[in-house]
Every structure is written in structure tokens, then in C-alpha cells.
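The next block holds one structure in the form of C-alpha cells; read it before the comments.
Nothing in this text is a laboratory measurement; each read-out follows from the coordinates by a stated rule. What you see is a predicted model, and the numbers here were worked out from it, not measured in a lab. FYI the Cβ positions are ideal-geometry reconstructions off the backbone, even for glycines, and counts take in every protein chain you see.
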Amino acid sequence: MRKLFIQLFAIFFFILPISAQEISPLILTVKSYPLTNEESEYIKKVNPYGFVFVEKDFKKNIDLNSLKSDLNKLLGHKVYFFVDQEGGQVNRLKYLFPAKKFNSAKYYGNIAEEHGLETASEAVFKNAKEMAQLLSMISVDVNLAPNAELRPPDYNGFFKTRLYSEDPQTVAKLSEAFAQGTRAGGLEPCFKHFPGTALSELDPHKGIPVIKGVNIKKLTGREFIPFAQVKEYKYVMMGHALYPQIDAKNLSTFSPKIYKLLRNKLEFNGLIITDALNMQATGNIPIGEKMALALSAGADLAMPFFPDDMPFSKRLEEIKKIPSEIIVKFNKKLDSLK
């Protein structure tokens, strides 16, 4: 009888994907605020690590401070808020502080060319610090920036003005200045999009960027240079791209080989976040399978971006596709990071 009890306990413990004690390796969106009872129950069952807020949330002027307080009480642990605030064309703060001007990465790259790298670096630091201070005022914890990718020559891709420069050393210096400024302003930065997607001009929202003719040697010799300092930080975002000479079968998001490069070559021990898994680059498989694939490959946190019209019950079904051992492993990692 005792043996049977132990077996049943083990089955219960390891099969249940989420328990009250476990934090799920997810960064979710919020459908509405104030939270409905239905959404509150869903969030409590999932128990996510954090939430990401996009442009439409800022247009709706969601009270993030009150939401943060409510979520911390609901879940009983610190909840992390994430925002994409690069400046330039990715500027969430314009809705809250319309008089403030936050320039693009390319703007600072031009300063580096015209007035020198130190001048540009100081300007980037000041800009990032001010953005972080304003984001901190609305309970944000992590800015999903800097974009540490290199701009290819004669670039005309979807990133437009979001890339600093073609020169690896310039991008490294300005990305580091952005990261330091972000920390000085009270937030954690998140370097993105590893190992680089800009070599293909295709927008991952619309298809799979294929990076041809690039092997590990070429990556380490150029693209890795701006990411060299990531071991000093907590977060890195994995981009969606296919590197046929490194892993011909798997998109970087689902490639154990690409995650190992970040861990082993760049000695990054922090948390790796997927880019949004609703992008076309990730394919047409169910979102739960995407989460499971990414987390099994080496990601620590997945950003599913469920459709707004997807019922919460259906979202839970997809989340349950995450292997239980992944959730256990994630919680052990959080304990080690503390």
C-alpha cells in the first residue's frame, strides 16, 4: 500500500505541468485590465515568470503599477514585467511621455561615424538610462534591448533604423553602453536577437530568415563580437533564423546547437528568452508544441503571444504540452540564480 502511494504521488507530482509551488517558464501577455475573474484564475493556474507589454497595451494606457501589485498578490512571488523600448521606431514611451524624444540605434551609429565612438557611447548611455528610469516608474523590470545585431552592408531589411552599425566593435561598444545605462536607470537589459537575423532581410513575422554561407567560424569572428559581454547580464533573446551550415533542420529558436553556442562560446549562464512564438518564422504547428520545442532545445523562457480571441481553457491546454521536467529544471535554475 505504501509503495502504491509513493508511485501515485510521483505520477501526480511529475505529470502535473504547473503547481502552486512551480513558476512556469513563460512570459505572457495580459488580455485586459482590470483583470476579469476568468483571466485571474487562468494566470493563477499558469503561474508565469512574467508578462510582456506591447504597443497596444500602452495605447490602452494600462495601469501597470496597479496590475503589478495585483499580480504579485495573486501569485505570491515577484512577477517580472518586460517591455520592448529601443527608441526610434520601437518606442512604447511615446504614449506616456509624448514630449520625450528617444532616437533610433542608427541615429547613434551615425554619431559614432561623425563624432567618434566615445561621444556616441555617452549619448547612448544617457538615453538608455532615461528610458529605464521612466519604465521603472511604471513597474517595468526588463527592457528587451539592446539590439546587438550587425547591420549588413547596403541593408534595406525590416529592421530599418533599429541597428547601430556594420562595424562589430561599434555595435559592441554602443550595445554595452545601452546595457549599462539601462542598469543605471534601474532595469535589466536583454541583448537580442542572438545570434543575428539581419543577414537575411526577411521579416521573421512574415517568413523564415535564412542565413546562408555563415558557419560557426564566421559567427564567432563577427556576429558574436557585440554579444561578447552578455555573460555579465541576466537576459538574452534568441532570434528566429535558420543557419543551414550550423543546423540545417532547426530554426535557431528550436536548435540545441545554437543554444549551446551561446552557453559554451559566450559563457552565458543567465536566462535565454525566445522571441515571440506567434511569428510566421516559427511555422504553423500548435503554439504548445513551439513552446515545448524551444524550451527543450535550450530556452529558459518562452513568449507564446496567444491570440486575443483564444479561450483561456485552450491556452491552458497548449501550456500543458510543456514537459514537466522542463518546469522542474527551470525552477531549480531560478533558485541557483538567486
Take the Cα pairs of the range 33-181, get the Kirkwood Rh, then feed it into Stokes-Einstein at 25 °C and 0.890 mPa s and tell me D in µm²/s. 147 µm²/s
Mind jotting down the distance between the C-alpha centroids of the range 117-157 and the range 167-214, whole Å? 10 Å
Just the Cα atoms of the range 137-272, one point each, no solvent: what log10 I(q)/I(0) does Debye give at q = 0.11 Å⁻¹? -0.36
Dimensions (Å) - the range 223-338, Cα atoms, principal axes, largest first: 42, 36, 22
Please state, to two decimals, what the Cα-based radius of gyration of the range 24-92 comes to when divided by 2.2 N^0.38 Å (N = residues). 1.11
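Quick check on the range 119-202: what does the Kirkwood estimate of hydrodynamic radius come out to from the alpha carbon pairs, in Å? The partial results should precede the final answer.
Working: mean 1/r = 0.0765 Å⁻¹.
After inverting the pairwise mean of 1/r, the radius is 13.1 Å.
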Where both partners of a DSSP beta bridge lie in the chain, what percent of those bridges are antiparallel, to the nearest 5? 5 percent
Which of the residue pairs 192/332; 31/332; 234/260; 45/314; 106/160; 234/265 have a Cα-Cα distance greater than 20 Å in the structure shown? 192/332; 31/332
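If you place +1 on the Cβ of every Lys and Arg, -1 on the Cβ of every Asp and Glu, and leave all else neutral, what size is the dipole of the range 22-337 about its Cα centre, to the nearest 20 Debye?
Dipole about the Cα centre, nearest 20: 360 debye.
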Compute the Kirkwood hydrodynamic radius of the chain, taking the inverse of the mean of 1/r over all pairs of distinct Cα atoms, and give it in Å to one decimal. 20.6 Å
Within the P(r) computed for the range 204-289, what percentage of the Cα pairs occupies the region above 17 Å? 49 percent
Roughly how tilted is helix 37-46, in degrees to the nearest 10 and between 0 and 90, from the longest Cα axis of the chain? 90 degrees
Please report the relative contact order for the range 139-250, taking Cα pairs under 8 Å with a sequence separation of at least 6, and give it as a percent rounded to a whole number. 32 percent
Using only alpha carbon pairs under 8 Å that are at least six residues apart, calculate the relative contact order of the range 22-337 and give it in whole percent. 16 percent
